[in-house]
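Below is one structure, written out as structure tokens, with a few remarks after it.
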Amino acid sequence: MQQKIATVFGGTGFIGRQIVRELARTGYTIKVATRVPERAYFLKTSGAVGQIVPFACRYSDSESIQDAIKGADVVVNCVGILYERKKGDFAKAHTQIPSRIAEACAKEKVKTFVQISVPNIEAATSKYAKTKLEGEKAILAAFPKATILRPSLVFGPDDDFFNKFAGLMRIMPVLPLIGGGKTKFQPVYVGDVADDVIVAVENASTKGKIYEL
């Protein structure tokens, strides 16, 4: 049987680790491209022996990214940040890194590239959303057949949103109602996002399309 190989960038994060588990379940050997491989060791138990391999990768180096992608049939990028530690962090994480990954995918003739983005960014004015949109445009310019998934607020056992409020409830007598209690969300379960990645990988009709989740 031909070995199926996937490379996942940002595989140690909340969404990425679930995608790694689903890819492993469907029979892929997975390279988890990360700056610090030791941080991905916990993922090894999510598959068979040797199925999930932490792979050292410098995101600022195009050659290092290409090395991580070499031999892969599928590439998934989950790299993203919610705030900047210093000016330019959004552009690096949301535009420059995805662009380098897409260019490497084109050079290595990857069959499927899936980008995890965020919804409703065309009309957004924040630097966060603008850099995400610029990243999408750079991806499609370099790799037009990329599939872009835009999940809304993602929840699950390890999420950093609902769990944060649950923690506050343990110590606070009251919780503030954000936006006067009128703020609305359409949250999506992390397992469903991972399932959609598998659909994008297995269904050729999704290539080159953008999906709001």
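The values are calculated or read from the model by the stated rules, or taken from the named source; none is laboratory data. As the structure is a computational prediction, the values presented were derived from the model and not from experiment. Just the protein is used for accessible areas: all its heavy atoms, side chains included, with ligands, DNA and RNA removed. Shrake-Rupley method; radii C 1.70, N 1.55, O 1.52, S 1.80 Å.
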| What is the distance in Å between the Cα centres of the range 1-51 and the range 126-183? | 23 Å
| request: Taking a cut-off of 17 Å between Cα atoms, list the aspartates and glutamates near residue 184, but don't count ones fewer than 8 places away on the same chain. | output: 212
| said: Using a Gaussian network model on the chain with a 10 Å cutoff between Cα atoms, which of 60, 117, 99 fluctuates the most? | reply: 60
| message | Among 123, 142, 106, which one shows the highest mean-square fluctuation when the chain is modelled as a Gaussian network with alpha-carbon springs under 10 Å? | response | 123
| said: Below 8 Å between Cα atoms, with a sequence gap of 6+, how large is the relative contact order for the chain in percent? | reply: 19 percent
| request: State in Å² the accessible area per residue of the range 118-207; use a 1.4 Å probe, count heavy atoms of protein chains only, and round to the nearest integer. | output: 61 Å²
| query | Once the convex hull of the C-alpha atoms of the chain is built, how many Å³ does it hold per residue, rounded to a whole number? | reply | 137 Å³
| request: Name the most mobile residue of 185, 55, 42, meaning the one with the largest mean-square fluctuation, in a Gaussian network model of the chain with Cα contacts below 10 Å. | output: 185
| query | To one decimal place, what orientation-averaged projected area in nm² is obtained for the convex hull of the Cα set of the range 131-213? | reply | 7.2 nm²
| field | Theoretical ellipticity at 222 nm over the chain - DSSP helices of four or more residues, -39500 (n - 2.57) apiece, nearest 500 | value | -10000 deg cm²/dmol
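Considering only Cα-Cα distances, which of the following residue pairs are longer than 22 Å: 86/130; 127/207; 127/182?
127/207; 127/182
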| Of the heavy-atom accessible surface of the chain (probe 1.4 angstrom), what whole percent is carbon and sulfur? | 55 percent
